[in-house]
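Following: one structure in structure tokens, then a few remarks.
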Amino acid sequence: MRLDLNALPTDIPLLHTLVRELVESLESERGRAEQLAHQLKNLQRRHFGRKSEHFNPDQLQLWLDALDEEQAAAELEKPPEVTSAAPKRRPPVRKPLPKHLPRINEVHDLDEPTCTGCGHALHRIGEDVTEQLDYQQASFFVHRTVRPKYACRQCETVTSAPLPPQPIDKGIPGPGLLAHVFISKYADHLPLYRQAQIMARHDIDMPRATLCGWVAQGASLLAPLVERMKADVLDTSKLHTDDTPVPVLEPGNGKTRQGRLWVYVRGGSFDVQGEPQPPVAAYQYTPTRNKDGPSRFLANYQGDLQADAYPGYDHLYATGKVREVACWAHARRKLYDIAVQGNAPTATEALAWIKRLYAIEAAIRDAPPAVKRQRRQEEAKPILDNFKPWLEAARRRLPPKSPLAKAIQYALARWIALTRYLDNGQLDIDNNRAERALRGVTLGRKNFLFAGSDKGGERAAIVYSLVETCKLNSVEPFAYLTDVFRRLPTQPAKDIDQLLPYNWQPATDTPEN
């Protein structure tokens with residue numbers, strides 16, 4: 001309503017209505033202004049500031065000390081106080097060089113082993129050894145497969161042994177080079193055009209289009225392994241999932257659009273016999289971020305799903321077969337983004353509460369599930385029972401549309417899912433397993449700029465699945481892929497499980513160079 005300031009109404013009820021509308025409008029604008037200021041500071045911090053989410057422990061400790069005695073007693077045990085004195089830095093200690101590396105001896109001996117004092121002959125009593133880590137540049141070589149030819153003098157038939165199956169039929173790359181291209185691209189984040197430049201320094205003319213063809217055919221060869229892994233990753237009672245955008249080139253107009261890479265991680269879980277299951281990370285590419293992608297992947301899954309607050313999972317929770325487990329790292333991050341801007345005591349105090357929960361998790365990280373559940377019930381549950389009413393009271397004091405009120409509401413709206421980990425020792429307090437599995441994708445995205453097509457995104461999902469699962473199982477990815485590319489063309493389908501990263505054993509017989 002527009003008012004004529006020279007002819008204001010004199011009706012008191014109407015004036016009351018106008019004042020209320022004006023106050024509501026001002027509150028709305030103030031909330032909007034706070035939200036925009038919060039977004040601006042976040043963008044400035046992410047662009048110019050540090051990325052770590054570690055907070056000043058001294059500031060957090062002030063709030064921990066300020067909690068009243070009743071809360072402290074309910075929480076049973078406080079984490080040790082953080083003193084203001086800077087910790088003493090330990091002097092750096094040089095670690096011994098790895099024992100598995102080959103040693104090349106270079107002996108430096110005396111020209112004449114005689115005593116410089118009396119001239120008598122010296123006898124050897126030992127040696128001084130100094131070790132240095134050195135490097136020899138990687139080199140290319142040509143692997144020749146020689147097949148003697150035989151002829152029959154009687155009927156003139158010519159015979160030779162069949163050519164062994166190759167990773168790429170009639171292709172140039174051997175298993176080692178193919179593995180090197182894959183690891184350089186998907187583990188070391190080196191785009192194919194840079195790999196072509198490196199080959200050119202060795203006087204090897206290998207167009208990028210050729211390397212792209214190798215990746216396409218190699219990924220097709222590896223696809224059955226990943227399909228088998230997808231069945232294993234769903235064979236668990238708890239699953240972690242997350243997604244990240246991937247720019248994809250739009251054919252015809254030279255622009256990119258947003259594709260999506262999803263990851264599904266099985267880790268820290270146990271089978272029905274109580275035996276630990278090997279960790280698995282399976283990736284899925286979708287052209288968009290609609291719910292169809294995770295719906296297809298998780299169609300037959302039953303169990304706990306730890307994820308962010310993406311609404312595309314809601315229909316899975318509605319079936320009752322999948323239970324939502326929320327992530328405290330996400331809830332904490334929203335509060336941290338406010339606290340780090342300064343002059344936000346409520347956000348800082350909330351971080352102090354959450355810090356207590358993580359201190360408990362750090363103490364029980366390697367404990368069996370039964371012990372984790374017991375400690376969480378005894379120590380974390382009392383903290384959360386007091387934390388929730390504190391959050392509710394804090395929210396009531398804040399403008400509803402302020403960034404801090406929204407951050408608190410994020411946690412309260414998901415309180416059941418956030419506290420579900422208390423009752424199950426196999427569950428984690430956060431979804432960091434999935435977030436860590438996407439770090440390689442994020443680094444690669446900065447180097448590659450975009451995927452060439454949806455097919456390229458699907459190939460990336462195949463290779464990331466194998467590389468990340470290798471890392472989770474402490475398997476060296478290059479050795480694994482080299483061996484798999486050598487064996488897969490002749491591996492019977494019934495024995496394909498032997499080549500999964502968590503089952504893999506290196507072949508004992510390797511061809512001579």
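What follows is calculated from the coordinates using simple rules that are stated; it is not laboratory data. Computed from a prediction, not measured in an experiment: that's the story for all the values here. Cβ placement follows ideal geometry from the backbone for every residue including glycine, while neighbour counts extend to all protein chains displayed.
Rounded to the nearest 0.05, what FRET efficiency is calculated for HIS16 and ASP308 with R0 set to 35 Å and r the Cβ-Cβ distance? Walk me through the numbers on the way to the answer.
Values: r = 45 Å, r/R0 = 1.27.
So the FRET efficiency works out to roughly 0.20.
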Under the Karplus curve 6.51 cos²θ - 1.76 cosθ + 1.60, θ = phi - 60°, whole-Hz ³J(HN,Hα) for the range 310-321, x wherever Gly or Pro sits:
4, x, x, 8, 4, 5, 6, 5, 5, 6, x, 7
Note the angle between two axes, namely the Cα long axis of helix 454-472 and the longest principal axis of the Cα atoms of the chain, as a number of degrees from 0 to 90, rounded to the nearest 10.
80
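Arrange the following residues from fewest to most other Cβ atoms within 10 Å of their Cβ: VAL467, VAL93.
Numbers: VAL467 24, VAL93 5.
By the 10 Å Cβ count, ascending: VAL93, VAL467.
Fewest to most neighbouring Cβ within 10 Å: what's the order for VAL475, VAL248, VAL107, VAL19? Please report the intermediate quantities before stating the final value.
Details: VAL475 16, VAL248 21, VAL107 5, VAL19 10.
In order of increasing Cβ crowding within 10 Å: VAL107, VAL19, VAL475, VAL248.
Going highest first, how would you order 291-304, 404-417 by mean Cβ packing within 10 Å?
Listed from highest to lowest mean packing, they are 404-417, 291-304.
For the pair GLU227 and THR490, what calculated FRET efficiency results from E = 1/(1 + (r/R0)^6), where r is the Cβ-Cβ distance and R0 = 22 Å, to the nearest 0.05?
Working: r = 19 Å, r/R0 = 0.87.
According to the calculation, E is roughly 0.70.
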So GLN273 and ASN253, fully extended at 0.36 nm per residue minus their Cα-Cα distance, gain in nm 1.7 nm
Which lysines, if any, have their Cα less than 27 Å from the Cα of LYS88, not counting same-chain residues under 8 positions apart?
LYS51, LYS78, LYS355
Per q in 0.06, 0.10, 0.11, 0.12 1/Å, what log10 I(q)/I(0) does a Debye calculation on the alpha-carbon atoms of the chain return?
-0.45, -1.01, -1.14, -1.26
Percent antiparallel among DSSP beta bridges (both partners in the chain, rounded to 5)
75
Nearest 10 degrees, 0 to 90: what angle lies between the long axis of helix 477-487 and the longest principal axis of the chain (Cα atoms)?
50
Need one number: the % of Cα-Cα pairs in the range 122-243 sitting beyond the 22 Å mark.
62
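I'd like the FRET efficiency for TRP415 and SER28, computed as 1/(1 + (r/R0)^6) with the beta carbon distance as r and R0 of 25 Å, rounded to 0.05. Don't skip to the end; give the middle numbers.
Numbers: r = 27 Å, r/R0 = 1.08.
The formula returns an efficiency of 0.40 here.
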With θ set to phi - 60°, apply the Karplus curve 6.51 cos²θ - 1.76 cosθ + 1.60 along the range 431-437 and write out the HN-Hα couplings as whole Hz, x wherever there is a Gly or Pro.
9, 5, 4, 6, 5, 5, 5
How large is ³J(HN,Hα) for each residue in the range 96-110, as worked out from phi by the Karplus curve 6.51 cos²θ - 1.76 cosθ + 1.60 (θ = phi - 60°), to whole Hz, x for Gly and Pro?
x, 5, x, 6, 6, 6, x, 10, 10, 8, 10, 8, 10, 10, 5
Label ALA393 and ARG89 with points 7 Å out from Cα along Cα→Cβ: what is the distance between them in nm?
4.3
Just to be sure I understand the model, the point goes 7 Å from the Cα along the line to the Cβ. What's the resulting ALA359 to LEU8 distance in nm?
5.5
Distance (nanometres) between label positions extended 7 Å along Cα→Cβ at ALA507 and ALA200:
3.4
Please report, in whole Å³, the volume per residue of the convex hull around the C-alpha atoms of the range 398-513.
213
With a 10 Å Cβ neighbour count serving as the proxy for reagent exposure, in which order, fewest first, do ASP188, ASP111 appear?
ASP111, ASP188
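Based on the alpha-carbon gyration tensor of the range 314-429, what equivalent-ellipsoid semi-axes (square roots of 5 times the eigenvalues) come out, in whole Å, largest first? Numbers along the way, then the final one.
Working: eigenvalues 129, 67, 28 Å².
One finds semi-axes of 25, 18, 12 Å for the range 314-429.
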Give the long-range amide H neighbours of ASP304: residues separated by 5 or more places, or on another chain, with amide H under 5 Å away, using H modelled in the peptide plane at 1.01 Å from N.
LYS238, LEU239, ARG323
